[in-house]
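Data first, discussion second: the structure below is written as structure tokens.
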Amino acid sequence: MERSNLIKALPSGSLAAYQHTVNTIPLLSAEEEQQLAERFRRQHDLDAAWQLVQSHLRFVVRIARAYSGYGLPLADLIQEGSIGLMKAVKRFDPSLGVRLVSFAVHWIRAEIHEFILRNWRIVKVATTKAQRKLFFNLRSAKKHLGWLNQAEVDQVAKDLGVQPETVWEMEQRLSAHDAAFDGLPDVSSAEEAPLAPAAYLEDLRFDPATQLEEADWREHGAQRLAGALATLDDRSRDILIKRWLNEDKATLHQLAALHRISAERIRQLERNAISKLKDALSAGDGAALEIEF
């Protein structure tokens with residue numbers, strides 16, 4: 001099958017159509033897989049790599065389905081698994097005598113695991129290696145164990161090589177739920193509304209003290225900027241003002257014509273002036289003045 005036909009065979013609008021299509025792509029024999037892998041490894045043949053990826057997409061779908069219980073879209077899980085498959089194809093060594101699918105399973109699962117850990121909760125549920133191990137194993141165990149007693153906690157800790165305290169902590173994290181910052185949209189009762197985290201934050205946007213502080217800070221920043229610009233020579237100051245501070249910013253070529261030097265020389269002067277300006281600003285009272293160049 002030509003590469004163009006393979007691309008057309010992968011619909012993007014329907015997940016069901018995508019799954020049906022990848023299941024119709026023929027599997028490769030061991031000999032075909034070996035030849036394609038050799039072509040990609042030795043000749044960097046991207047068409048060979050593409051055929052290897054295409055013929056194994058059905059396994060990505062199968063593996064991704066096993067993680068559908070985490071509440072994340074299956075299409076996203078398949079997409080992440082496909083990235084893992086492409087990484088596996090890139091690193092696959094056909095001289096080792098193993099089939100690509102055996103090698104790729106690790107990469108597919110690893111990419112899906114990373115995606116789940118990044119997106120399952122707003123606050124990361126697992127950060128250490130022990131917690132990551134527990135996240136996937138304990139969640140599976142809790143489906144038939146429910147809340148764990150001390151004996152079950154000790155057994156899980158022993159089986160996974162972690163401390164019982166880590167098991168208790170992970171169980172609490174898995175049982176918790178994220179709270180909507182602005183509250184639920186269907187909550188109409190005034191008594192229930194303050195339960196949303198947003199209700200506990202004070203709105204200081206129109207507080208006179210806050211507005212005065214922001215105005216003072218802007219004035220202070222303007223004064224510091226003016227003082228820093230005064231340390232530059234006339235030409236460098238003119239370049240910075242016209243390149244960055246004026247509303248209608250000048251181009252390098254316009255400034256080159258104005259100062260009768262090359263555009264590259266304008267660029268050098270501009271870079272040196274920005275460096276001097278930043279040094280002058282940071283040498284003031286130590287407060288950071290954020291200016292983007």
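FYI, it's all coordinate maths here, none of it is from the lab. Please read these numbers as outputs of a predicted model, since none were measured by experiment. Cβ sites come from the backbone with ideal geometry, for glycine too, and all protein chains shown count toward neighbours.
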Say each of Asp279 and Leu258 gets a label point 7 Å from the Cα, pointing the same way as Cα to Cβ; how far apart are those two points in nm? 2.5 nm
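Suppose R0 equals 35 Å. What FRET efficiency, 1/(1 + (r/R0)^6) with r the Cβ-Cβ distance, do Arg42 and Ala75 give to the nearest 0.05? Don't skip to the answer; put the middle values down first.
Working: r = 35 Å, r/R0 = 0.99.
According to the calculation, E is roughly 0.50.
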